[in-house]
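What follows is a single structure, written as structure tokens, with notes after it.
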Amino acid sequence: METEITIRDSHLAQLLANVPDELIAQKQWVCWKYQQRGDSRKPTKVPIDPVTGKNADVTNPETHTSFEVAINRYKEDKNISGVGFVFTAQDDFVGIDLDQCVHPETREPDKWAANIIESAESYCECSPSGEGFHIILRGVAPKGGS
């Protein structure tokens, strides 16, 4: 149990210290928790409405809230695994998801990933798996979102 608290505290400290003010100002935040679905080996991150504690709909802004409310739910509810930013058609934020690019021994990004992170010159965080990175920046996503 102590390890879980340490991981949660570390995650919270990173969020509070690193999320830029322009993202904090958006009411596009949800919480999430891991849930095993079907026979998948990997759990799914299920979005949670920080206000109600029920499942959130990433396409419904009524289930999104402020950064502060999402952080407070995360602090209070040990079933919550993390806090996440929701991209909408009304904003100009896009995300880059870099998977399986962390050196297992050094915990540093692989060279190709480091080049992308540096060239993006934007907010970057470790993915919940610890094996990749999420970058959030202003831009336009290609059709289809990929």
| remark: If we ask which residues in the range 29-47 are in contact with a Ser or Thr (Cβ under 6 Å, 6 or more places away or on another chain) and not aromatic (Phe, Trp, Tyr), their number turns out to be 3
| Can you tell which of Pro50, Pro61 is of a type outside the set (Gly, Ala, Ser), open to solvent by less than 50 Å² (accessible area, probe 1.4 Å) and over 22 Å from Gly132 (Cβ atoms)? | Pro50
| query | Would you say Cys101 is at pLDDT 95 or above and either of a type outside the set (S, T, N, Q) or open to solvent by 70 Å² or more (accessible area, probe 1.4 Å) (or both)? | reply | yes
| Any chance Val51 is touching a strand residue (DSSP E or B) at 6+ places or on another chain (Cβ under 7 Å) and either at pLDDT below 95 or under 23 Å from Gln90 (Cβ atoms) (or both) | yes
| said: Condition (residue is hydrophobic (A, V, I, L, M, F, W, C), in contact with a Pro (Cβ under 7 Å, 6 or more places away or on another chain), part of a helix (DSSP H, G or I) and under 28 Å from Val58 (Cα atoms)) applied to the range 112-119: is it met by at least one residue? | reply: yes
| message | Going by what's in this entry, would Cys124 be described as open to solvent by less than 60 Å² (accessible area, probe 1.4 Å), touching a helix residue (DSSP H, G or I) at 6+ places or on another chain (Cβ under 9 Å) and free of Cβ contacts under 8 Å to residues at least 24 places away in the same chain? | response | yes
| If Lys45 passes every condition in (1) over 19 Å from Leu12 (Cβ atoms); (2) at pLDDT below 95 but one, which one does it miss? | (1)
| request: Could you check how many residues of the range 20-47 are among the charged types (D, E, K, R) and surrounded by 11 or more Cβ atoms within 10 Å (Cβ to Cβ)? | output: 4
| query | What about Ala114, is it at pLDDT 95 or above, surrounded by 14 or more Cβ atoms within 10 Å (Cβ to Cβ) and closer than 20 Å to Leu12 by Cβ? | reply | no
| Residue check: is Ala56 at pLDDT 95 or above and farther than 22 Å from Gln26 by Cβ? | no
| Just a yes or no: is a residue in the range 82-93 open to solvent by less than 80 Å² (accessible area, probe 1.4 Å), farther than 15 Å from Gln26 by Cβ and of a type outside the set (Asp, Glu)? | yes
| If a residue has to be surrounded by fewer than 16 Cβ atoms within 10 Å (Cβ to Cβ), within 18 Å of Val86 (Cα to Cα) and not hydroxyl-bearing (Ser, Thr, Tyr) to count, how many in the range 129-146 make the cut? | 9
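The values are calculated or read from the model by the stated rules, or taken from the named source; none is laboratory data. Treat the numbers as computed from the prediction; the structure is a model and nothing was measured. Using ideal geometry, Cβ is built from the backbone for each residue, glycine included, and neighbour counts are taken over all protein chains shown. All accessible areas refer to the heavy atoms of the entire protein, side chains included, with ligands and DNA or RNA removed. Shrake-Rupley method; radii C 1.70, N 1.55, O 1.52, S 1.80 Å.
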